[in-house]
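Data first, discussion second: the structure below is written as structure tokens.
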Amino acid sequence: MAKIIILHGSPRRYGAVAKLASIAAKGVKDAGGEPEIIRLYDYKIKECLGCVSDDTKYCRFPCIINDDDFNKIGEKILDADGFILVTPVYWYSMSGVMKNFIDRLTSMENMIFITGRSLLEGKVAGLIASGNDSGTIMALAHMMIVLNSMGVHIPGWAIAYHHSMDDVTEDDQAVLDSYNVGYNVAKLSDIVKDTGAWYKPDVDMKKLVEIANKEAEKHLSQQEERKKLFEKLLREAKD
């Protein structure tokens, strides 16, 4: 049974984020998983200190900031198979508390420099965003690229969004997609569980560079052809 943490990033317990989080939880259950909703506004999540910029060895999990609730929630993330971020849209991005939480996840990702592996590698995530007008796609894209850079899997049909002043339950697509976010995160979590490391750092870099350069050398004639073409077009433009 996949354990999935659903992180609720809104101060409102009754709004669109709360509704979509509950729908995603139903999707998790229907896929045979066990959901747990955590409302980030119920906890104290301090801003990241950026210690990694001073020395990569400072940034580690448990996070060296030890007077807030991040490490406690972080342990739940590590104990789970996957997680879902559900956020309101604040000026084309996620809420402040969600941004702080994601920044602090760096402590888990940066363990690649401490133990050789990101603690988030192999986890599965889904993303849901809701706003009154625009910005949902920007918020989702931001979260997606960050999580992928941390080693997290994001399955197909694992994003959902709503951008309207209307009640989110009137948006059939947002409701259905949110359900499938939960369903697919739980489903993929069962599939990839215990599959081991995904990022392979111990490769022959010289060999990779050699392969790249040999491939480019095969087509150097194209570079000359393009140069001649551009020079011809420039002459024609002057005439």
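Annotations
- Candidates are the residues of the range 118-137 that are assigned to a loop (DSSP other than H, G, I, E, B) and within 17 Å of the chain's Cα centre (by Cα); the one that is nearest to residue 27 (Cα to Cα) is 123.
- Residues within the range 107-135 that are surrounded by fewer than 18 Cβ atoms within 10 Å (Cβ to Cβ), in contact (Cβ under 8 Å) with a residue 40 or more places away in the chain and among the β-branched types (Val, Ile, Thr), tallied: 1
- Count of residues meeting criterion [part of a loop (DSSP other than H, G, I, E, B) and free of Cβ contacts under 8 Å to residues at least 40 places away in the same chain] in the range 13-48: 4
- When residue 90 is tested against (1) surrounded by fewer than 22 Cβ atoms within 10 Å (Cβ to Cβ); (2) in contact (Cβ under 8 Å) with a residue 60 or more places away in the chain, only condition (2) is not met.
Since every read-out is calculated from the coordinates, none of them should be taken as a lab result. Keep in mind that what you see is a predicted model, and the values were worked out from it rather than measured. Cβ coordinates were reconstructed from backbone atoms using ideal geometry, including for glycine residues, and neighbour counts include every protein chain displayed.
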